[in-house]
Structures are given as C-alpha cells and as structure tokens.
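Read the figures in this text as sums done on the coordinates, not as results from a lab. This is a predicted model, so every value here is computed, not measured. Cβ coordinates were reconstructed from backbone atoms using ideal geometry, including for glycine residues, and neighbour counts include every protein chain displayed.
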Amino acid sequence: MSPIHDPALAHLRKSCPSMKALIRRIGPCLMETHGTRSPFQSLVSAVAHQQLNGKAAATILGRFQNLFPRGRFPTAKSLAMVSDEQLRGVGFSRAKAAAIRDIAEKSLSGIVPGSKAIALLSDEEIIARLTQVRGVGRWTVEMLLMFTLGRPDVWPVDDYGVRTGYKIAYGLPELPSPKELHGLGERFRPFRSVAAWYLWRATDTNRSPED
C-alpha cells in the first residue's frame, strides 16, 4: 500500500461501515497520477478519450504524436505545425479537432495555465478557467485535478461510474442523482478523490464478463 494514501484510508474507514467494507474488499488504493503532463497535454488527452474506450483513444493519441518530431507530444505552440486535415486523418472528429485548436489557443493566451501556474490555483479556480475551453466541461477538468494534479478532495458527482459504485456499495435501489451524491459525499471530505476511486472499483468488480 502506498503510504501517500494512508491518511485517506484511515479517514474513509471511519466515515461509515459501507466504505470500510468496500476498502476491505477492493484492497490497497492503486490510484496513480501523471504529474509530468502539462495542462495542455492533459486536456488534449481528455478530449481524445471522450466517448471512446481507452484502447481506441490511445491509438489516436499515438498517431497524433507521430505527426510531430520524434513522436513527442506537442506543445501548444507546435500544434500549428499540423493542419486540420492531418488531425482528422489520425482519427479526431471535426469537433475534437476544433477543441484541440482551442485548447492550444487558450494555452498560449494564458487562460489555460502552465504547470507551475496551475499549481497555485484552487480547484474551483481551475474549473472556472478551463471550462472556458471549447469541448471541456466540469467532468474533464475534475479528471485533470485528480489524475494530473493529484488533488485529494475532488468529487465528480456527474460521473456515471461513481454514481453506480455508490449504488452498489450502499445497496441503494437506484442511482443517486448528482445533487444527492453531492451531499452524500460530505462524509468523505477531505479525501473524496480516493473515495471516488474506490467507487469506480466497485463498479468495475460488479460488471459481468460480457459488459
């Protein structure tokens, strides 16, 4: 078990019997962050993953990187090296190509902060800034907060997997609404990111092999 998650697990076990049982069933928290990614890279990756499974998105991102020297992920400035036709050619839809252009534009203008600047902002300040970008909603920014910046208290109430996991873990007859889940998550503060990770695992382990 990673020591970084020990305080979160201690708190969550005390939060309620159902979460304690879920942690016992799932085991150690294996939640990882990708802190070397810039906000620009994280948002482009998130847009690539929208409405696609992980394997398909990874294939498109690999082709995208191959458009650039040495197959490296581009910077916002170097995106100008490729045309919209090339972006469409690697598998991005017209809407996603436009979103990626807007991410680059707003990164260059400073609306999307750089890695050092974003670390100084609160979660809500980051959400307010990044949701100005075309094709980027609150959920996308919440994933960046959790998996790029490693913020400990993110609670993605609109996420279907988290809602489903809560229903499973707590034996509810139906999914909690986002508004209901918002209140239900208060007991997990200030470690709601780890609570969400366990609820995702509850959803994963409850799926049949055919799903």
Item to check | Within region 39-147: Cβ-based charge dipole about Cα centre, in debye rounded to nearest 20 (Lys, Arg +1; Asp, Glu -1) | outcome: 380 debye
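Would you count, across region 39-147, every pair of lysines whose alpha carbons are under 25 angstrom apart, provided the pair is eight or more residues apart or spans two chains?
6
For the chain, which longest stretch is free of loop sites, where a loop site is one of the trypsin sites (Lys or Arg not before Pro) that DSSP puts outside H, G, I, E and B and that has at most 16 other Cβ atoms within 10 Å?
Answer - 135-206.
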Item to check | Hull shadow area, averaged, region 39-147 [alpha-carbon convex hull, nm²] | outcome: 6.4 nm²
Item to check | Residue-wise HN-Hα coupling along region 141-147, computed from phi with Karplus coefficients 6.51, -1.76, 1.60 (Hz; x: Gly, Pro) | outcome: 5, 4, 5, 5, 4, 6, 9
Checklist outcome for this item: Here the relative contact order (percent) of region 60-211, from C-alpha pairs under 8 Å and at least 6 apart, is 16 percent
Checklist outcome for this item: Comparing Gly54, Gly137, Gly165 in a Gaussian network model of the chain (Cα, 10 Å), the one with the largest mean-square fluctuation is Gly54
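What per residue convex hull volume, in Å³, do the alpha-carbon atoms of region 51-109 yield? Spell out each step's value before the answer.
On the way: hull volume 4.6 nm³, N = 59.
Convex hull volume per residue, Cα atoms: 78 Å³.
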Next on the checklist: Kirkwood hydrodynamic radius, region 1-54, all distinct C-alpha pairs: what's the number in Å?
Outcome noted: 13.7 Å
Item to check | Cα Rg over Rh - region 111-211, Kirkwood | outcome: 1.02
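Which length gain, in nm to one decimal place, applies between Ala128 and Thr33 when the Cα-Cα distance is subtracted from 0.36 nm times their residue separation?
On the way: separation 95, 0.36 × 95 = 34.20 nm, distance 2.18 nm.
In short, 32.0 nm is gained.
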Checklist entry - When each pair of different Cα atoms in the chain is counted once in the 1/r mean, what is the Kirkwood radius in angstroms, to one decimal? => result 18.5 Å
Next on the checklist: Testing the spin-label approximation: label points 7 Å from Cα along Cα→Cβ at Glu174 and Ala117. State their distance in nm.
Outcome noted: 4.5 nm
Checklist entry - Which value at 222 nm does the chain reach when only helices count, each DSSP H run of 4 or more adding -39,500 (n - 2.57), with the total divided by all residues and rounded to the nearest 500 deg cm²/dmol? => result -16500 deg cm²/dmol
Checklist entry - About its Cα centre, how strong a charge dipole does the chain have in debye, to the nearest 20, once Lys and Arg get +1 and Asp and Glu get -1 at the Cβ? => result 320 debye
